[in-house]
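Student: Sending over a structure as structure tokens; questions will come in a sec.
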Amino acid sequence: MVAAPPAAPPSPDADGSTERGRQRSFYLFVLLFLGIIVVVLAILAIGVITGAGERQFELAITPSGGAIGPGERLDVEVRITALREGLPFFEHDLPVTLLAEDVPAGIYVTFNPAMGLPDPQFTSRMLVAYAGAPPGSYSFTVRATGTDGRTLAIPFRLSVTGPVPNGTAAR
């Protein structure tokens, strides 16, 4: 007895529509994948274009002035706030440095900390201390400078109180 050759499995689709359906699914998947890639690249391009501008920030001092006398000091809050532009993940945060300019003789000014990253806000404490200044009204400038060169400045008004130095000498 001779064995009969195995029979071919029955074809579920004699006209090949199952194979065409698989090909269509594959092409639709590839098209969807390429569409997603194009959208992601477009978002990246827009972010690079809009996020590449110079950063903006605001400077605020609370209080904006004060009075001190011998042995006294002021503790002032200095706040730098970054202004957001463009897509958040394309912004580059830059450190900002604080400096007091044109401080009158006899007044001591320090910042703690003197440099920070406004992400979205950086707060520092400005200490204004009496160091022998004669009584009177004074003004100096608080300047915030970013590493990109942008600066903002606000005046700080200071009144020094205390006894007026006597111009006569005792004998």
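Read-outs: derived from the displayed coordinates by stated rules, not from any lab. This is a predicted model, so every value here is computed, not measured. Reconstructed Cβ throughout: ideal geometry from the backbone, glycine too, with neighbour counts over all protein chains shown.
Student: Would you kindly calculate the mean projected area, averaged across all directions, of the convex hull enclosing the Cα atoms of region 56-160, in square nanometres?
Tutor: 6.1 nm²
Student: Determine the gain in length on full extension of the stretch Glu19-Thr161; use 0.36 nm per residue of separation and subtract their C-alpha separation, reporting nm with one decimal.
Tutor: Residue separation times 0.36 nm, minus the Cα-Cα distance, leaves 41.7 nm.
Student: Asp119 versus Ile61, label points 7 Å from Cα toward the beta carbon: distance in nm?
Tutor: For Asp119 paired with Ile61, the spin-label model returns 2.8 nm.
Student: Separation between the Leu152 and Tyr108 pseudo-spin-labels, each 7 Å from Cα along Cα→Cβ, expressed in nm?
Tutor: Inter-label distance under the simple model: 2.9 nm.
Student: Say each of Leu41 and Thr145 gets a label point 7 Å from the Cα, pointing the same way as Cα to Cβ; how far apart are those two points in nm?
Tutor: Once both label points are built, they end up 4.3 nm from each other.
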